[in-house]
Amino acid sequence: MTIIGMLHHRLDPKTVIKSYAYAAVAKAEGVQLFYFTPRSVNFVNRTIRGKVLEEGQWHERVMPFPDVIYNAGSPEKLAVSKRIIEKLKEEIPFTTNSIGNKWNVMERLIEAKEFEKYVIPSKIVKNVEDFHRYLINNNEVVFKPIDGRKGKGIYFISKFGKNFEVRKDTENSIYTKQQVDKLLADQLTTGTFIVQPYIQSKMKSGQVYDFRLHVQKNGEGKWVITTIYPRVAPSGSIIPNINNGGFTNYLDPFLEQEFKEKAFDIRRMLEHFSLSLAQHLDEIQMEQFGEVIDEIGIDVGLDENLKIWMYEVNWRPGCPPAFYLELDVVIHNIQYAKYLAENQKKIKNEIIKQKSKYLDTKLGLPIIAITGSAGKTTSKAFLGSILSTKWNVFESKDYWNTTEHTKIHAAEINKSHQAVVLEYGMAYPGIITSHCSIIQPNISIVTNVGLAHVGNFNGDIKGVAKAKSELIHGMNQKGLLVLNKDDENSKYLSTNSFKGEIITVGIHSEANYRAYDIHYKDNGMVFKMKLKGKEIELFIPILGEHHVYNALNAIAVADYLGFTANEIKKGVNFKKPPRRLTLYNLRDQITVIDDTVHSHPQGVRAAIDVLTNIAKKRKIAIIGQMRELGDLREEEYRKVGDYIYEQGIDILITYGFRTEEMGEAALAKGMDKKNVYHFIKKDELHVLLEKIVRKEDTILVKGASKTNMFETVKFLDDTYKE
């Protein structure tokens, strides 16, 4: 049985009249509905303390997470629980998603072009002078709040001679310029206002009217018309909104009375317009936010030439005030919620298809997504730097790699961008699929498959590879895929069904893009490779052979996109991300290597290699915890300890819970006991450093950001700075 959670800001469902209707219709449709508020959600055991309607009374029950959520509360009042709601959205589909305020909607329609001709030209009023400049070119204007509701706060202003006529509701007043200026200035202090020409629809009687077009998705996920009805302003008013005293009528009698033989054509025109606009806005929502919408109310008027003009679009329209229609709205909502719960895969595929159409075909953009256990941020930084040598590039911020970040990126990408470079982070199955449902890449890079987060996959590296493979399945199947030929675990990636082009990078294996003659230089690496049939030498301003792979990832994509060798050379000399093998040159020729962003076995060994290659005398390694290794922790800690001994590290200091296992492994290999230390308190570790650090020491500080190992880097910098 499908379970629907009805989310509202009010604690008591008895104060929400429609809650009874939704519970009753849900029962009739064979689904379970319960009412809840954000604070009743328990993410630990995935339960919600909600209320269920039984025999006419609401009873409190502990419910499992629902299959779908109908968000019925006020967006403004639910905003205080934003973090809870966002977390719910990551796991559970919502029936209703915001399309923004009325200004945002019109901006989207103008940008998309298709419905631009129906949008009344509008301008945000920043000050009183803005308003008067607009009035010069228009005889009559509407001045209203950008996110107004129920017809409140709307002024109709026209100028004649030196004075102004100001109409609000049913009141008409004559204002001097000074009075109008004060009115405008006072209103502008309360919020954002827009001004637009006054386009009115008038009946034969002279009364003003408009049409409300109410459309919803049904139990098949298709847009249907719930109702279309006229709203007529009371005599003397020019606002037909029902809340301002307006009244409604049935559509057919109204059209026959006002338009005679044109009535049928106008009805069909309104029906076609409402369904077409709903579908168009739904596609925009999928393209830009990776979401679907379920219900909108569109207010339109007809000018003297019977042209449609949109006054506003509401994404949470109230039930239409006509007989029996309240129940129709509820039935559609419940049936669609059931459809949404049962057809998530189908809907996600449609979102991917629409997003791809928007970003890949319509905008013609290279959309590049990078995932991997290590090297995502640095590969992204290399690639963004190269592409920026001649293109306007949208590049995600460092470490902005969650699905919520991807939703933000989808809203920010626009037609000015000539390429998009993103990181797709992953800690659990399904996450990369979610990334791709929001923005589908046509070029993908999997840097490697390592042990980061392996504890979340029962210690099985194949599980990590399967989750990384979601990028291969979720990307454009005719696109470009870049893989690491040297990475042993990348053989577990699922590439058999991929129909696009696969290119490889490597150092120790033959690959499409292979680096050789690799050498350490001051603050960077030098290597050679063949590019377009010619040998070139490149310098990257970051230490470590593993970063050569990251550069190769970027070079492969840039070459595929037609960048020249000189542009690539210039681009790889990039501004590297902070705290990634950053060198601090301190007094007495002491060098500190700061690598305190991420930590996993592969990254620790790579950092040890850098320490070994650049140290002039003693090599000191300070190693913090490596998280999410699960049952592999003991084995991997032992391997790191072995590696530290094999690389001839002079002093090993471990920090954090159970990290002493690395030291024990190094001791078992033969490391001198007096050179192995373990701490769980940083201040004690720092006391030791003051005692043992000598001239010309090179000190590696390696740890994940959550262990705050950067505090040790800062201590060394403060203690031994020039």
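See the values below:
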| read-out | value |
| --- | --- |
| Where residue 528 falls short, out of the listed (1) among the basic types (Lys, Arg); (2) in a strand (DSSP E or B); (3) under 19 Å from residue 372 (Cβ atoms) | (3) |
| Criterion violated by residue 420 - all others in (1) under 28 Å from residue 346 (Cβ atoms); (2) at pLDDT below 90; (3) not in a helix (DSSP H, G or I) satisfied | (2) |
| Top-ranked residue in region 303-317 [being closer than 15 Å to residue 228 by Cβ and not hydrophobic (A, V, I, L, M, F, W, C); ranked as modelled with the lowest pLDDT] | 317 |
| Residue ranges of helices (runs of 4 or more DSSP H) in region 573-676 with at least 3 members at pLDDT below 90 and buried (at least 19 other Cβ atoms within 10 Å of the Cβ) | 601-614 |
| Flag if residue 536 is outside the structural domain of residue 446 (by TED's automatic domain parsing), aliphatic (A, V, I, L, M), surrounded by 15 or more Cβ atoms within 10 Å (Cβ to Cβ) and in a strand (DSSP E or B) | yes |
| Sole exception among (1) within 37 Å of the chain's Cα centre (by Cα); (2) over 24 Å from residue 457 (Cβ atoms) for residue 611, by number | (1) |
| Any hit, region 391-405, residues being in a helix (DSSP H, G or I), assigned by TED's automatic domain parsing to the domain that holds residue 470 and not β-branched (Val, Ile, Thr) | yes |
| Among (1) over 35 Å from the mean Cα position of the chain (by Cα); (2) touching a residue at least 24 places away in the same chain (Cβ under 8 Å) - the single one residue 704 does not satisfy | (1) |
| Residue check, residue 639 touching a residue at least 60 places away in the same chain (Cβ under 8 Å) and closer than 24 Å to residue 546 by Cβ | no |
| Residue match in region 55-70 (condition: surrounded by 17 or more Cβ atoms within 10 Å (Cβ to Cβ), farther than 25 Å from residue 289 by Cα and without any contact (Cβ under 8 Å) to a residue 60 or more places away in the chain) | yes |
| Residue list for region 75-97, filter: at pLDDT below 85 and either under 16 Å from the mean Cα position of the chain (by Cα) or outside any helix (DSSP H, G or I) (or both) | 90 |
| Subset of region 438-487 that is outside any helix (DSSP H, G or I) and small (Gly, Ala, Ser) - its residue that is nearest to residue 606 (Cα to Cα) | 450 |
| Members of region 529-542 that are without any contact (Cβ under 8 Å) to a residue 40 or more places away in the chain and closer than 22 Å to residue 612 by Cα | 539, 541 |
| Candidate set from region 73-96 (those that are touching a helix residue (DSSP H, G or I) at 6+ places or on another chain (Cβ under 7 Å) and closer than 20 Å to residue 16 by Cβ); member that is surrounded by the most Cβ atoms within 10 Å (Cβ to Cβ) | 95 |
| Among residues of region 677-701, those that are free of Cβ contacts under 8 Å to residues at least 40 places away in the same chain and either not in a helix (DSSP H, G or I) or not assigned by TED's automatic domain parsing to the domain that holds residue 716 (or both), counted | 5 |
| Scan of region 142-192 for residues that are touching a helix residue (DSSP H, G or I) at 6+ places or on another chain (Cβ under 9 Å), among the polar types (S, T, N, Q) and either surrounded by 15 or more Cβ atoms within 10 Å (Cβ to Cβ) or under 29 Å from residue 297 (Cβ atoms) (or both), ordered by number | 158, 170, 192 |
| Verdict on residue 124 being loosely packed, with under 13 Cβ neighbours inside 10 Å, part of a strand (DSSP E or B) and under 33 Å from the mean Cα position of the chain (by Cα) | yes |
| Given (1) over 20 Å from the mean Cα position of the chain (by Cα); (2) buried (at least 19 other Cβ atoms within 10 Å of the Cβ), index of the condition residue 389 fails | (2) |
| Unique match (being assigned by TED's automatic domain parsing to the domain that holds residue 85, of a type in the set (A, V, I, L, M, F, W, C), in a strand (DSSP E or B) and surrounded by fewer than 20 Cβ atoms within 10 Å (Cβ to Cβ)) among 44, 52 | 52 |
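Residue by residue, here is whether (1) over 34 Å from the mean Cα position of the chain (by Cα); (2) among the polar types (S, T, N, Q); (3) assigned by TED's automatic domain parsing to the domain that holds residue 653 holds:
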site: 590; (1), (2), (3): yes, no, yes
site: 595; (1), (2), (3): no, no, yes
site: 599; (1), (2), (3): no, yes, yes
site: 604; (1), (2), (3): no, no, yes
site: 621; (1), (2), (3): yes, no, yes
site: 632; (1), (2), (3): no, no, yes
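Conditions tested, residue by residue: (1) farther than 13 Å from residue 429 by Cβ; (2) out of contact with any Leu (no Cβ under 9 Å at 6 or more places or on another chain); (3) among the polar types (S, T, N, Q); (4) modelled with pLDDT under 90.
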residue	(1), (2), (3), (4)
467	no, yes, no, no
478	yes, yes, no, yes
486	yes, yes, no, no
504	yes, no, yes, no
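The values are calculated or read from the model by the stated rules, or taken from the named source; none is laboratory data. Predicted, not measured: the structure shown is a model, and the values here were computed from it. Neighbour counts are summed over all protein chains in view; Cβ atoms, including those assigned to glycine, are modelled from backbone coordinates with ideal geometry.
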